[in-house]
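Right, one structure below, let's go through it.
The values are calculated or read from the model by the stated rules, or taken from the named source; none is laboratory data. Just so you know, these numbers come straight off a predicted model, no measurement behind them. Areas reflect the complete protein model, heavy atoms only, side chains present, ligands, DNA and RNA absent. Shrake-Rupley method; radii C 1.70, N 1.55, O 1.52, S 1.80 Å.
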Amino acid sequence: MRGEEDVVVEAVGPAEPAAAVPDADDPAALLLAALGPTGRLWSRGPGHPGFLEVGLGAGSRVALRESGALGVAGPRARLMGVARSVVAQLAALHAPAQLEIVLLAADRVRTLQERRRDWAWLGWLPHVRPAHGQDCRLLLAYDRDQAAARAAELTR
């Protein structure tokens, strides 16, 4: 869709039922865990009941093991906050060995500089480093060619 960006998250691990974790989507607690290190950083492995589960606010939770994917669309002001929150939760609570994050931000409505500025922080995450022979330095796509390459890698 024009004017919107896609965040694709790929998980490695067996499918198991997810269970709600109290205060799991508290942004302040997640930030402290990420800045830690604490026992909460990357604490959700495949055997954890909250593996691949994210909070969307107001008690809403999505179990990605069951749904397989999460799409976020809407007005940019709301979209970016929700998308960043979801990616931050997944990256803080899941180790790079269990979670690969791929960004497709080839929105032609916004400039390349704007797209890179919005998602520059992802470059610090080990979750966006290629671990499966992908032909790139980071699993980030900011133009059509990069997006086509990342999408092809995901479908292989």
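Annotations
- Percent of Cα-Cα distances greater than 18 Å, calculated over the stretch 53-103: 29 percent
- Prolate/oblate/rounded label for the stretch 22-95 (Cα gyration tensor, a/c 1.5): oblate
- Under 5 Å, built H, 5+ apart or other chain: amide partners of Leu99: Val12
- Amide H to amide H, with H built 1.01 Å from N, Leu56 comes under 5 Å of Arg61, Val62, counting only residues 5 or more places away or on other chains.
- Solvent exposure of the stretch 22-95 amounts to 49 Å² per residue of accessible area, where only protein heavy atoms count and the probe is 1.4 Å.
- For the stretch 100-155: span of alpha carbons on each principal axis (Å, largest first): 31, 23, 13
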